[in-house]
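Down below is the structure, laid out as structure tokens.
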Amino acid sequence: MEVKARVEIVWHYGDEAKARAIAGAIQVDNEGMPEELKKSLNVQTRWVDGDVITKVKYSGEIDTLIKALDDVVFSVKIAEDSVEV
């Protein structure tokens, strides 16, 4: 089933330096997305104060959207673990 979706995920850290580091790591991952996927999936991550905000625009099969959102959450977890070290 084809869907069109806009998703916004906000992680609240309350720490500007941590939010900046996590958003920077995630945005680099977003930019490395395969070209064929970029046609249907747009992912942008930024930080504002102590928050990390990821916005997703998507058009296509729902399974791909679910996998992409799962990848975003997993990438944030890895970035959080890296910042903690």
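The values are calculated or read from the model by the stated rules, or taken from the named source; none is laboratory data. Every value quoted in this text rests on a predicted model; they were computed, and no experiment measured them. Neighbour counts run over all protein chains shown; Cβ positions are idealised from the backbone, glycine included. Ligands, DNA and RNA are excluded from the accessible area calculation, which covers all protein heavy atoms including side chains. Shrake-Rupley method; radii C 1.70, N 1.55, O 1.52, S 1.80 Å.
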**Request:** Please turn the phi angles of the range 43-52 into ³J(HN,Hα) values with the Karplus equation 6.51 cos²θ - 1.76 cosθ + 1.60 (θ = phi - 60°), one per residue in order, whole Hz, x for glycine and proline.
**Result:** 10, 10, 10, 8, 10, 9, 6, x, 10, 10
**Request:** Taking the Cα centre of the chain as origin, work out the dipole magnitude from +1 charges on Lys and Arg Cβ and -1 charges on Asp and Glu Cβ, in debye rounded to 20.
**Result:** 320
**Dmax and Rg, reported as Rg then Dmax, of the chain (C-alpha, Å)** = 13.1, 42
**Folded to 0 to 90 degrees: helix 16-31 orientation relative to the chain principal axis, Cα** = 30
**Fill in**
Candidate cut points under trypsin sites (Lys or Arg not before Pro) in the chain, DSSP loop plus at most 16 other Cβ atoms within 10 Å of their own Cβ, are 39
**Karplus-derived 3J(HN,Hα), 6.51/-1.76/1.60, for each residue of the range 59-66, Hz, glycine and proline x** = 9, x, 6, 4, 4, 5, 4, 4
**Request:** Could you please state how large a percent of the accessible area of the chain is carbon and sulfur, counting protein chains only and using a 1.4 Å probe?
**Result:** 53
**Request:** Report the calculated FRET efficiency for residue 74 and residue 2 (r = Cβ-Cβ distance, R0 = 22 Å), to the nearest 0.05.
**Result:** 0.35
